[in-house]
1. Would you please list the contacts, defined by Cβ atoms under 8 Å and residues six or more apart or on different chains, that run from a residue in region 34-47 that is among the polar types (S, T, N, Q) to a residue that is surrounded by fewer than 14 Cβ atoms within 10 Å (Cβ to Cβ) and modelled with pLDDT of 95 or more?
2. Restrict the check to region 91-113 and report whether at least one residue is among the small types (Gly, Ala, Ser), more than 21 Å from Ser42 (Cα to Cα) and open to solvent by less than 50 Å² (accessible area, probe 1.4 Å).
3. In this structure, is Val137 in contact with a Cys (Cβ under 6 Å, 6 or more places away or on another chain), open to solvent by 10 Å² or more (accessible area, probe 1.4 Å) and touching a residue at least 24 places away in the same chain (Cβ under 8 Å)?
4. Quick one: would you say Ala107 is under 23 Å from His171 (Cβ atoms) and either in contact with a Leu (Cβ under 6 Å, 6 or more places away or on another chain) or part of a helix (DSSP H, G or I) (or both)?
5. Looking at Pro173, is it open to solvent by 50 Å² or more (accessible area, probe 1.4 Å) and more than 16 Å from Ala44 (Cα to Cα)?
6. What about Ile157, is it open to solvent by less than 10 Å² (accessible area, probe 1.4 Å), more than 23 Å from Ser42 (Cβ to Cβ), out of contact with any Asp or Glu (no Cβ under 7 Å at 6 or more places or on another chain) and touching a residue at least 24 places away in the same chain (Cβ under 8 Å)?
7. Please verify whether His116 is open to solvent by 10 Å² or more (accessible area, probe 1.4 Å), closer than 19 Å to Val34 by Cα and out of contact with any Ser or Thr (no Cβ under 8 Å at 6 or more places or on another chain), treating the condition exactly as stated.
8. Among the residues of region 119-134, write down those that are surrounded by 20 or more Cβ atoms within 10 Å (Cβ to Cβ) and under 16 Å from Gln56 (Cβ atoms).
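The values are calculated or read from the model by the stated rules, or taken from the named source; none is laboratory data. What you see is a predicted model; the values in this text were computed from it and never measured. When we count neighbours, we look across all protein chains shown, and the Cβ atoms used for this are built from the backbone with ideal geometry, even at glycine. Heavy atoms of the whole protein, side chains included, go into the accessibility calculation; ligands, DNA and RNA do not. Shrake-Rupley method; radii C 1.70, N 1.55, O 1.52, S 1.80 Å.
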Amino acid sequence: MMKKVFMLISLVPVLALFAYGLTRDPRSIPSPLVGREASNFSLALFDGGTFTLAAQHGKVVVINVWSSWCIPACYNEAPALEAAWQRYRGADVVVLGVNYQDREAAAREFLARFRHTFPNGPDVGSKIAIEYGVYGVPETFFISRDGRIAHKHVGEISLPVLVQQIERLLHSPGGTS
């Protein structure tokens, strides 16, 4: 009898902590990477080219980590990412899609479905995702013109948020604020 009472009493704090965790929004957890220099990487692209982050210095870079199995969030944000790319591609802004833990055929089908024209490539071995602390898809990183991570957006992103972050970085002295 005493064992059962002890087990119940010890279970209450664990349940309370779990219940508290359910009330927290994971998007509100600040990333320790914001303000730090973005880790350089090279990514083999689906179109056969290569994207190197270091070659983008002086530009605003939007890195979106996505997967074809990420339904509905990645599907919902796909048109906004293409719209942001079309709007800013001539203004020293680069949008990059990093395909995370996906099958190549499914990823290519996704890109064709949404007619993505911005660079996209598979994150083989999840190296980029690990380096940037990705814990789920979608996640979007905004890299300032001086090569620092200026903002991390967890979850589905909208065109207004993309525009807001891109404009902030385009008009900030030194690229960060």
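1. What qualifies is Asn40/Thr52; Asn40/Ala54; Ser42/Thr50; Ser42/Thr52.
2. At the first step, the residues of region 91-113 found to be among the small types (Gly, Ala, Ser) are 91, 97, 105-107, 112.
Then keep just the ones that are more than 21 Å from Ser42 (Cα to Cα); that gives 91, 105-106, 112.
Cutting the leftovers down to open to solvent by less than 50 Å² (accessible area, probe 1.4 Å) gives us 91, 106.
Yes, some residue in region 91-113 is among the small types (Gly, Ala, Ser), more than 21 Å from Ser42 (Cα to Cα) and open to solvent by less than 50 Å² (accessible area, probe 1.4 Å).
3. Working: in contact with a Cys (Cβ under 6 Å, 6 or more places away or on another chain): yes; open to solvent by 10 Å² or more (accessible area, probe 1.4 Å): yes; touching a residue at least 24 places away in the same chain (Cβ under 8 Å): yes.
Yes.
4. When the stated conditions are applied, Ala107 does not pass them.
5. On the way: open to solvent by 50 Å² or more (accessible area, probe 1.4 Å): yes; more than 16 Å from Ala44 (Cα to Cα): yes.
Taking the combined requirement at face value, the residue satisfies it.
6. Working: open to solvent by less than 10 Å² (accessible area, probe 1.4 Å): yes; more than 23 Å from Ser42 (Cβ to Cβ): yes; out of contact with any Asp or Glu (no Cβ under 7 Å at 6 or more places or on another chain): no; touching a residue at least 24 places away in the same chain (Cβ under 8 Å): yes.
Judged against the criteria, Ile157 is not a match.
7. Values: open to solvent by 10 Å² or more (accessible area, probe 1.4 Å): yes; closer than 19 Å to Val34 by Cα: no; out of contact with any Ser or Thr (no Cβ under 8 Å at 6 or more places or on another chain): yes.
For His116, the condition - open to solvent by 10 Å² or more (accessible area, probe 1.4 Å), closer than 19 Å to Val34 by Cα and out of contact with any Ser or Thr (no Cβ under 8 Å at 6 or more places or on another chain) - is not met.
8. If the condition is that a residue be surrounded by 20 or more Cβ atoms within 10 Å (Cβ to Cβ) and under 16 Å from Gln56 (Cβ atoms), then Asn120, Gly121, Ile128, Tyr132 are the ones that fit.
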